[in-house]
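See below for the structure under consideration.
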Amino acid sequence: MTRQPEIPARLPRVSLRSPETGRRLTFRRDTAFHHALRERIEGYFRTSGRPPRDCWQLYVKTAVFFAGFAAAYVLLVFVAHTWAQALALAVLLGLFTAGIGFNVQHDGGHQAYSQSRWVNTLMAMALELLGGSTYVWRWKHGVFHHTYVNITGHDTDIDLGILARLTPHQRRLRVHRWQHLYLWGLYGLLVIKWQLVGDFRKLISGRMGTRAFPRPKGRDLAIFVAGKVVFFLLAFGIPLGFHSIGVVLCYYGVAGLVAGILLSVVFQVAHCVEEVAFPVPHASTDHIDRAWAIHQAETTADFARGNRVIAWLVGGLNLQIEHHLFPRISHVHYPALSPLVEQTCREFGVRYTAFESFRAGLISHFRWLRRMGTSDTHDVTATHDQRFTGTRLRAGDSAGPARGRASGRSPELSWDAPTGEQ
């Protein structure tokens, strides 16, 4: 039986209804694809004997990234004597910041790091160290994005306000005709924005784009405040004891820009490209014609699947289809799960989009930004032709109708629910 994903345990309950219509958005009731996929994934774990979480490889990566972050910070603040040394260390600090976000915080936030809830909570709170908020992230990314991927007005991760038009169903402004040029620089401001402005504004307004969410209270509010205090102490308080404010702001900006560009671009290549879908609910019912699992696969793209270095650095987020289908499985397993997911998509006629390289994904994102900035078209059906050089659009390119009855809700399963935890 399928049902709407639950809100994470410690998050207050809130209606996930459409802000425009007041109705709950539903998906087609069709679990055949999802069940077949789960059987194959369960078979992989039975055969391999590997645990879905608590993978030693991730513990090693955690130690590497935190050690690198600490070393870069200490050397930048206390040791660097020349601008070249400081610049190199600031870049490294930004790289390790993104690495912790991709590899540690992300798995912890999705409860994919460990079988132990407190370990997941601790790893998720790495975001507080980086200047973000675990509470805000759980709502913005774990609930609104993972439940309603690429649905305009529901997925807050694709809402950049007046700065950009990322979906065909957002209003196009004149300035957007240049977004394929200027937006790359603004991507670098992502981390700085949520560190200094975004989280506070959301806390005060109780809104993320058009979506309302409950402001944190009690323990959640205390963690929010304590996290910001620790971050501001590390980012500004301690460095200002040894350097001028200009120097501190300069290298803080460098580290933030590096982290912001990496975090933004990896997300955009997975969701804001020509080859994925941007579904629209039926106006009269707020119903999506695709089953929830099929929706996840067809609104997401993989890239550089065979590149182990990229997979290691970005925490398996080059395999976003697998992540969106099974967010509670550690990313360490995604390379092994990818062929199983692709095979199942082929058998059920579900579109599986995989860019051969990161570069191919970037090119598609560039073209998508240009298209959204210069055309008012609402036709988002991917034209799978020879223009998409370096793109593997696996079997089921026509994305035929799903099988089963209508009027279902997205599933809540132990490995594959959004971050609406049991």
Q: Can you run down the residue pairs with Cβ atoms below 6 Å, 6 or more apart or on separate chains, where the first is in the stretch 245-258 and closer than 13 Å to LEU95 by Cα and the partner is not in a helix (DSSP H, G or I)?
A: LEU257/GLY188
Q.
Please go through the stretch 204-219 and give me each residue that is surrounded by fewer than 17 Cβ atoms within 10 Å (Cβ to Cβ) and touching a residue at least 24 places away in the same chain (Cβ under 8 Å), ordered by number.
A. THR210, ALA212, PRO214, LYS217, ARG219
Q. Can we say ARG290 is more than 27 Å from LEU183 (Cα to Cα) and either free of Cβ contacts under 8 Å to residues at least 40 places away in the same chain or crowded, with 21+ Cβ neighbours inside 10 Å (or both)?
A. yes
Q: Name, by its number, the condition in (1) of a type outside the set (Lys, Arg); (2) crowded, with 21+ Cβ neighbours inside 10 Å; (3) within 16 Å of the chain's Cα centre (by Cα) that does not hold for ASP157.
A: (2)
Q) Looking at VAL230, VAL197, which is the one that is out of contact with any helix residue (DSSP H, G or I) (no Cβ under 9 Å at 6 or more places or on another chain) and of a type in the set (Val, Ile, Thr)? A) VAL197
Q: Would you please list the contacts, defined by Cβ atoms under 6 Å and residues six or more apart or on different chains, that run from a residue in the stretch 80-109 that is closer than 14 Å to CYS250 by Cβ to a residue that is of a type in the set (Val, Ile, Thr)?
A: ALA90/VAL254; VAL91/VAL258; GLY94/VAL258
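Hand me the list of helices (runs of 4 or more DSSP H) wholly inside the stretch 313-422 holding 3 or more residues that are over 23 Å from ALA36 (Cβ atoms), of a type in the set (A, V, I, L, M, F, W, C) and modelled with pLDDT of 50 or more.
Once the helices (runs of 4 or more DSSP H) in the stretch 313-422 are filtered for at least 3 residues that are over 23 Å from ALA36 (Cβ atoms), of a type in the set (A, V, I, L, M, F, W, C) and modelled with pLDDT of 50 or more, what remains is 358-374.
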Q: Output the number of residues of the stretch 37-61 satisfying the condition of being surrounded by fewer than 20 Cβ atoms within 10 Å (Cβ to Cβ), within 22 Å of the chain's Cα centre (by Cα) and in a helix (DSSP H, G or I).
A: 2
Q: Give me a count of the residues in the stretch 103-120 that are surrounded by fewer than 23 Cβ atoms within 10 Å (Cβ to Cβ) and either assigned to a helix (DSSP H, G or I) or in contact with a strand residue (DSSP E or B) (Cβ under 9 Å, 6 or more places away or on another chain) (or both).
A: 4
**Q.** Considering residues of the stretch 238-258 that are within 24 Å of GLY99 (Cα to Cα) and more than 25 Å from the chain's Cα centre (by Cα) only, the residue surrounded by the most Cβ atoms within 10 Å (Cβ to Cβ)
**A.** TYR251
Q) Restricting attention to the stretch 87-111, which residues are among the aliphatic types (A, V, I, L, M) and either under 20 Å from GLY188 (Cβ atoms) or over 14 Å from the mean Cα position of the chain (by Cα) (or both)? A) LEU87, ALA88, LEU89, ALA90, VAL91, LEU92, LEU93, LEU95, ALA98, ILE100
Q: List every residue pair whose Cβ atoms lie under 9 Å apart, where the two residues are 6 or more positions apart in sequence or sit on different chains, the first residue falls within the stretch 36-60 and is under 13 Å from VAL341 (Cα atoms) and without any contact (Cβ under 8 Å) to a residue 40 or more places away in the chain, and the second residue, located anywhere, is part of a loop (DSSP other than H, G, I, E, B) and not β-branched (Val, Ile, Thr).
A: GLU42/TRP415
Q. Is there a residue in the stretch 349-356 that is farther than 16 Å from ASN307 by Cα and surrounded by fewer than 23 Cβ atoms within 10 Å (Cβ to Cβ)?
A. yes
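The values are calculated or read from the model by the stated rules, or taken from the named source; none is laboratory data. Remember, predicted model here, so these are calculated numbers, not experimental data. Note that we place each Cβ from the backbone using ideal geometry, even for glycine, and neighbour counts take in every protein chain shown.
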